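J.: Below: one structure in structure tokens.
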Amino acid sequence: MRHYLTCLVLFVACTPNVVFESSDLQINASDADSTHARLCVTDQGGVYAVWADARDGTDAIWLTRSLDRGETFEAPIRVSHGQARSLSPELACASPRDATGIAEDAVYVVWEDTRDSELENRNIYFQRSVDAGATWLDMDLAVSPDPEGRNMHLGPRVVAGNNEVYVTWFDGRAGAFDVYVQGSTTRAETWNDPVRLDGDATGAGYSAWPDIASDGEGHCYVAWEDSRDGASDIYVAATGNGGFSFSEGQRLDLGPDVNGTADAPGSHDSFRPRIATLGSSVAVAWHDERFGPARDILMSVSTDHGVAWYDEAVRVESNQPGFYDSINPAVGLVDNPASSGPQTVVQVAWQDARADAYDVFHRRVPEIDSVEETRLDTGSAGGGQSLNVEVATEGSTVVVAWEDRRDDSGEGYNDLYYNVSTDAGETWLATDLRLDSIAPGTSFATDLTVDLLDGEIYALWVDGRNGSADVYFQRLPVGEAAEFERVPAP
Ligand SMILES: [Ca+2]
Ligand SMILES: [Ca+2]
Ligand SMILES: [Ca+2]
């Protein structure tokens with residue numbers, strides 16, 4: 001961060017008569033560098049943010065909440081209690097139902113923690129609040145017990161809905177990494193036994209980086225990368241009973257390769273699955289090397305709660321396969337009540353190097369054969385890196401947000417932009433909109449997460465404008481741009 005600090009000091013020194021008035025908010029309340037910021041918003045308007053920082057001298061997990069939909073945030077609290085390093089937090093929240101109706105928000109945090117290992121091996125730890133973040137468990141819960149810290153446990157993800165919560169991760173307890181999931185239908189009061197998802201011999205093949213989705217009504221889905229057959233393939237498993245049992249993993253990166261022959265297991269690398277669900281539909285997207293050295297986006301969809309999937313994965317781009325790098329897809333599903341066809345539409349957005357630097361593209365399923373992809377960043381094509389795409393959905397509204405380096409008038413840093421569709425991804429704004437409230441190109445912004453509630457965008461990211469890596473929050477009505485004002489310094 002020292003590099004950023006130097007630049008920012010120089011920048012301020014060069015413009016002594018100007019300060020910026022911004023509508024976004026710094027919410028970490030510290031000048032310790034923050035990492036891995038994550039946002040969660042519940043249906044009843046609870047707003048929660050977590051990140052890791054070392055303000056107390058060691059990396060720990062910090063959380064703040066807003067009880068007024070992001071107008072103000074409370075002082076951050078420390079939710080991890082280890083003496084060693086706590087890192088890479090993930091967050092889920094839900095508005096559970098109880099006998100009286102909607103109960104207070106449940107908030108769940110998982111992270112990687114070195115407390116059990118002299119070798120700094122990481123275990124997965126968990127915390128929970130069932131009173132909207134006011135109080136937490138007395139002790140952090142070890143999700144993947146390894147009291148002597150002999151093995152590495154990594155990549156936790158958490159998802160929640162109603163009274164359910166599911167945690168997935170991968171660990172090396174048996175040799176090569178395997179993927180595990182553990183579910184609770186009682187707001188983490190009690191847990192089902194953990195389930196290992198990759199169905200080959202334990203510890204035999206590298207299985208890692210799961211992503212997870214659930215509907216809060218007993219269904220949960222996990223997709224991951226698996227190298228049991230050589231190069232990496234994409235697998236998915238599902239439960240319909242709250243995580244008591246999961247289906248055997250199914251390979252999704254099926255279909256013909258560039259020669260028209262079926263892509264054999266383990267023959268080409270398939271990486272970074274992302275999964276989302278709505279109703280009985282589930283979608284998984286990833287990037288894949290099967291068509292050539294440049295990667296393409298592939299996806300598969302289930303419409304029956306993850307039982308049956310496409311016979312062949314669908315390539316999302318319409319240009320020549322294998323020629324231009326297309327990576328890091330994000331996926332979401334929306335309702336489309338206006339449609340005479342399918343009522344649930346899958347949204348895929350990704351970064352694509354077809355015009356030189358990465359641009360952001362979007363496509364939706366169905367109609368993959370009839371309508372070409374839409375470019376969503378409206379700077380010059382290939383003119384500045386647009387990357388690290390995030391998708392949020394609500395009703396028929398889709399927001400795609402990303403980091404963007406198009407500005408060359410500032411200090412060379414990236415800005416945050418978004419585009420929005422209110423008709424299930426059919427049409428988009430002709431001009432994309434800023435999401436962070438600061439002069440273009442003057443600060444880095446990373447770790448973007450976005451959500452939607454009642455027609456407003458909620459966004460969180462790590463921001464360097466003050467010379468340290470801080471956590472910033474923004475709330476904007478869909479279709480409005482973040483603004484900043486230059487005002488004379490006092
Ligand atoms: Ca394995
Ligand atoms: Ca593969
Ligand atoms: Ca491509």
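The values are calculated or read from the model by the stated rules, or taken from the named source; none is laboratory data. What you see is a predicted model, and the numbers here were worked out from it, not measured in a lab. Positions of Cβ are generated from backbone atoms using ideal geometry, with glycine treated the same way; all protein chains shown enter the neighbour counts.
J.: Which numbered condition in (1) within 16 Å of ligand 1 (Cβ to nearest atom); (2) under 23 Å from the mean Cα position of the chain (by Cα) is the only one that P156 fails?
T.: Of the numbered conditions (1) within 16 Å of ligand 1 (Cβ to nearest atom); (2) under 23 Å from the mean Cα position of the chain (by Cα), the odd one out for P156 is (1).
J.: Which condition from (1) within 16 Å of ligand 2 (Cβ to nearest atom); (2) out of contact with any Leu (no Cβ under 8 Å at 6 or more places or on another chain); (3) among the hydrophobic types (A, V, I, L, M, F, W, C) is the one that V167 breaks?
T.: Among (1) within 16 Å of ligand 2 (Cβ to nearest atom); (2) out of contact with any Leu (no Cβ under 8 Å at 6 or more places or on another chain); (3) among the hydrophobic types (A, V, I, L, M, F, W, C), the lone unmet condition for V167 is (1).
J.: A further question follows. Do we find a residue being farther than 23 Å from V107 by Cα, more than 18 Å from the chain's Cα centre (by Cα) and more than 16 Å from ligand 3 (Cβ to nearest atom) anywhere in the stretch 219-226?
T.: The answer is yes; a qualifying residue exists.
J.: Now for a separate question. Within the stretch 155-173, identify whether any single residue is crowded, with 19+ Cβ neighbours inside 10 Å, acidic (D, E) and part of a loop (DSSP other than H, G, I, E, B), and answer yes or no.
T.: No, the conditions are met nowhere in the stretch 155-173.
J.: Against the definition (under 24 Å from T168 (Cα atoms) and in contact (Cβ under 8 Å) with a residue 24 or more places away in the chain), how does P76 come out, yes or no?
T.: On the way: under 24 Å from T168 (Cα atoms): no; in contact (Cβ under 8 Å) with a residue 24 or more places away in the chain: yes.
So P76 does not fit the description; no.
J.: A392 fails exactly one of the following numbered conditions: (1) closer than 18 Å to A285 by Cβ; (2) at pLDDT below 85; (3) of a type outside the set (V, I, T). What is the number of that condition?
T.: Result: A392 fails condition (2) only.
J.: From E390, E394, E411, grab the single residue that is of a type in the set (D, E) and over 23 Å from the mean Cα position of the chain (by Cα). Reasoning before the result, please.
T.: Numbers: E390 fails: over 23 Å from the mean Cα position of the chain (by Cα); E394 fails: over 23 Å from the mean Cα position of the chain (by Cα).
Answer to the selection: E411.
J.: Of these, A357, A349, A338, A424, which one is surrounded by fewer than 15 Cβ atoms within 10 Å (Cβ to Cβ) and either in contact (Cβ under 8 Å) with a residue 12 or more places away in the chain or outside any strand (DSSP E or B) (or both)? Before the answer, list the steps.
T.: On the way: A357 fails: surrounded by fewer than 15 Cβ atoms within 10 Å (Cβ to Cβ); A349 fails: surrounded by fewer than 15 Cβ atoms within 10 Å (Cβ to Cβ); A424 fails: surrounded by fewer than 15 Cβ atoms within 10 Å (Cβ to Cβ).
Only one candidate qualifies: A338.
J.: List, please: which pairs have Cβ atoms under 6 Å, are six or more places apart or on different chains, and start with a residue in the stretch 236-248 that is over 24 Å from E189 (Cβ atoms) and end with one that is of a type in the set (F, W, Y) and not in a strand (DSSP E or B)?
T.: If the second residue must be of a type in the set (F, W, Y) and not in a strand (DSSP E or B), the pairs left are A237/F246.
J.: Go through the stretch 290-304 residue by residue and tally those that are under 23 Å from the mean Cα position of the chain (by Cα) and either within 16 Å of ligand 1 (Cβ to nearest atom) or buried (at least 21 other Cβ atoms within 10 Å of the Cβ) (or both).
T.: The initial filter retains those residues of the stretch 290-304 that are under 23 Å from the mean Cα position of the chain (by Cα), namely 295-303.
Right, trim to either within 16 Å of ligand 1 (Cβ to nearest atom) or buried (at least 21 other Cβ atoms within 10 Å of the Cβ) (or both) and you get 295-302.
Residues in the stretch 290-304 being under 23 Å from the mean Cα position of the chain (by Cα) and either within 16 Å of ligand 1 (Cβ to nearest atom) or buried (at least 21 other Cβ atoms within 10 Å of the Cβ) (or both): 8 in total.
J.: Just the residues that are of a type in the set (V, I, T), over 18 Å from C93 (Cβ atoms) and modelled with pLDDT of 95 or more, please, taken from the stretch 436-462. Explain how you work it out, then say what you get.
T.: Initial filter on the stretch 436-462 (of a type in the set (V, I, T)): 438, 442, 446, 449-450, 457, 462.
Right, trim to over 18 Å from C93 (Cβ atoms) and you get 438, 442, 446, 462.
Those that are of a type in the set (V, I, T), over 18 Å from C93 (Cβ atoms) and modelled with pLDDT of 95 or more: T446, V462.
J.: When you scan the stretch 77-99, do you find a residue that is among the acidic types (D, E), more than 26 Å from the chain's Cα centre (by Cα), part of a loop (DSSP other than H, G, I, E, B) and over 18 Å from L39 (Cβ atoms), even just one? Give the steps one after another, and end with the answer.
T.: Within the stretch 77-99, the subset among the acidic types (D, E) is 90, 98.
Filter again for more than 26 Å from the chain's Cα centre (by Cα), leaving 98.
Cutting the leftovers down to part of a loop (DSSP other than H, G, I, E, B) gives us none.
So far as the stretch 77-99 goes, no, none of its residues is among the acidic types (D, E), more than 26 Å from the chain's Cα centre (by Cα), part of a loop (DSSP other than H, G, I, E, B) and over 18 Å from L39 (Cβ atoms).
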